Amino acid sequence: MTTDMSSRASNIWADLKLAARGTRHDYTQGPIGRSIFLLAVPMVLEMVMESIFAVVDMFWVAKLGAAAVATVALTESMMAIVYTLAFGLAIGTTATVARRIGEKDPDAAAKAAVQAITLGVIVSGALGVLGAVYAGDLLRLMGAGPDVLEHGVGFARVMLGGSASVFMLFVINAAFRGAGDAAVAMRVLWIANAFNIVLGPLFIFGLGPFPELGVTGAAVATTIGRSIGVLIAASKLYKGAGHIAVHREHLVFDVGAMVRLARMCAVGTFQILLGTTAWIGLIRILATFGSVAVAGYGIAIRIVIFALLPAFGLSNAAATMVGQSLGARDPARAEQAVWTASRYNLVFLGVIGLLFVAFAPWIVAAFTTEPDVAHAATLGLRIIAAGFPMYAFGMTLTQAFNGAGDTWTPTWINVFVFWMFEIPFAWYLAKHTSLGYTGGFVAVLAAYSVLAVVSALVFRRGGWKAKVV
C-alpha cells in the first residue's frame, strides 16, 4: 500500500513538472485525467499570476483611499467591455485552433491564429481611440462622483487607450492554449504580470526616478506590462514554441476564414458581453448607494477574481480537450473530459470558497482600513464565495460549449441567467427590501446556482457534439 502511494505521488510530481515545463503531448489519446492535468496545471498557474496581480494592484491603490478604489472599480467595469470583446475573439481562436490541431493540421491552425490576430488589431485600435478620447464622459455615465472625476480620468484614459495590449495578449495566448501549448501562454502572462507588479508601486508612489502618478500610475504599469507580454508572445508564436508556429507563408489575409472566425467570435463576444454588462448593471445599482458601496464591491470582486481566474484555467483545459477531441472525431472523450474537469473544479473552487467565507474579515483587512468599506467588502466576499461550488460547474460547462464552437448555446443561457434573472433580482433586492446594496451580492450567489443547473441540463442533450467549426 505504501509503495503504491509513493509510486502514485512520484508520478504526479513528474507530471506536474512536465506540465509546468511544457510538453508535446497528444491530448486526443491516452488517459483523460492525465491529459486534463497536463493542460490544467499551466493554465491554472497562468491564471494564478493574473489573480495575484489583480489583488496586488488593488492593494496598492487602496492605500490612496476610497475614491481611488472606486475609480478602479468603475474603470474595470468599463474595461469589462474590452475584456469581453477580447475574450469573445479568444473563444473563437481557441475553438478553431484546437479543432485544427485535433485534425492534425497545424498549418490550418497557424492560419486561423493569423486571422484572429488581424481581427484583434482592427477592433482594439478603434476601441483604444474612443476610450482615450471619451474617458471622462464614460466615468460620468457610470455614475462617478466628483472625487472620482477629480483623480480618476487619467487612469481610465490609459487603461481604455491601451486596449490593444489586452486584445493581443488574449488572442495569442488563446492560440497557444487551443494548440495545447498552455505552458507557453503561462510563461508569457507570468512575465507580463511580473512587470505589472514591480512597476505598479513605482509609478503610483513615485519611488526612485519614477514620477508620482497616483492611481494613474497603476494603469501605466499595467499597460507597459501587458505590452511587454504581447511582444514576447508574438515572438514565440513566430518562432514556434510547441504545437503551433506562424511562419511567413501563414501571413495571408484569408477572407473566407476571417468571415467564419468573425461570425463565431461575434456570437462569443455577445455571449460574454451579456455577462460582463450584467456586472456593469450591478455596479450601476450599487453606485446609487455611494462610493463606500462601490469601493467595497470593488475590493470584494478583486478578491473573488483571485479564486475565479485559476478556476477558469481548469475550464480552459476542458475547452481545449473538447475542441481537440471533436477534431479527432471522438465526442465520447470530449464529454468525459468535461465531467472530469467539472469535478476537479468543484473541489478546487469549493475549498477556496470555504476559506473566503471563514476568513473574509482578515482578507479584506489587507486592502482597506476604512470600517464602512471593509464591512461592505466582507459581506460581498462571503455571500459571493458561498456560490463558488455551483459556479465551478457552470463555468466549466460554458467553456465546454465554447470549446466545441457552439457559442450560441451559452449565449442564450447568459441571456436567461444574467439579464432575465440576476439584474432584475438584484434591483428588487437592493431597492425594495431591507437588504440594500447587499441584495446585489445575493443576486450574484443565486445566479451562480441557476447557471450551473441550466448549463448541466443543456449539456446533457449533446447538441454541441455535432457543431462544425
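Per-structure values
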read-out	value
Residue list for the range 176-210, filter: over 19 Å from the mean Cα position of the chain (by Cα) and either among the polar types (S, T, N, Q) or outside any helix (DSSP H, G or I) (or both)	G206, L207, G208, P209, F210
Test: I12 is among the β-branched types (V, I, T), on the phi < 0 side of the Ramachandran plot and at pLDDT 75 or above	no
So V158, is it touching a Leu at 6+ places or on another chain (Cβ under 7 Å) and either assigned to a helix (DSSP H, G or I) or at pLDDT 90 or above (or both)	no
Unique residue being in a helix (DSSP H, G or I), surrounded by 13 or more Cβ atoms within 10 Å (Cβ to Cβ) and of a type outside the set (S, T, Y) when the list is G225, G242	G225
Some residue of the range 434-443 being crowded, with 18+ Cβ neighbours inside 10 Å, aromatic (F, W, Y), touching a residue at least 40 places away in the same chain (Cβ under 8 Å) and outside any helix (DSSP H, G or I)	yes
Unmet criterion (only one of (1) at pLDDT 90 or above; (2) farther than 25 Å from M43 by Cβ) for A179	(2)
Filter result (charged (D, E, K, R) and in contact (Cβ under 8 Å) with a residue 60 or more places away in the chain) within the range 12-26	R21, R24
Pair list, Cβ under 8 Å, 6 or more apart: the range 114-133 residue more than 15 Å from A90 (Cα to Cα) and free of Cβ contacts under 8 Å to residues at least 60 places away in the same chain, other residue surrounded by 19 or more Cβ atoms within 10 Å (Cβ to Cβ) and of a type in the set (D, E)	none
Breaking point among (1) modelled with pLDDT under 85; (2) in a loop (DSSP other than H, G, I, E, B); (3) closer than 15 Å to A113 by Cα, for F289	(3)
Flag for V338 being surrounded by 19 or more Cβ atoms within 10 Å (Cβ to Cβ), in contact (Cβ under 8 Å) with a residue 60 or more places away in the chain, under 26 Å from T93 (Cβ atoms) and not polar (S, T, N, Q)	yes
Residue check, A175 within 18 Å of T93 (Cβ to Cβ) and in contact with a Ser or Thr (Cβ under 6 Å, 6 or more places away or on another chain)	yes
Residue check, T216 modelled with pLDDT of 85 or more, in a helix (DSSP H, G or I) and not hydrophobic (A, V, I, L, M, F, W, C)	yes
Filter pass, F393 being within 20 Å of G275 (Cα to Cα), under 25 Å from the mean Cα position of the chain (by Cα) and surrounded by fewer than 18 Cβ atoms within 10 Å (Cβ to Cβ)	no
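The values are calculated or read from the model by the stated rules, or taken from the named source; none is laboratory data. Given the structure is predicted, the values throughout are model-derived calculations rather than measurements. Counting neighbours? That spans all protein chains shown, and the Cβs are built from the backbone with ideal geometry, glycine included.
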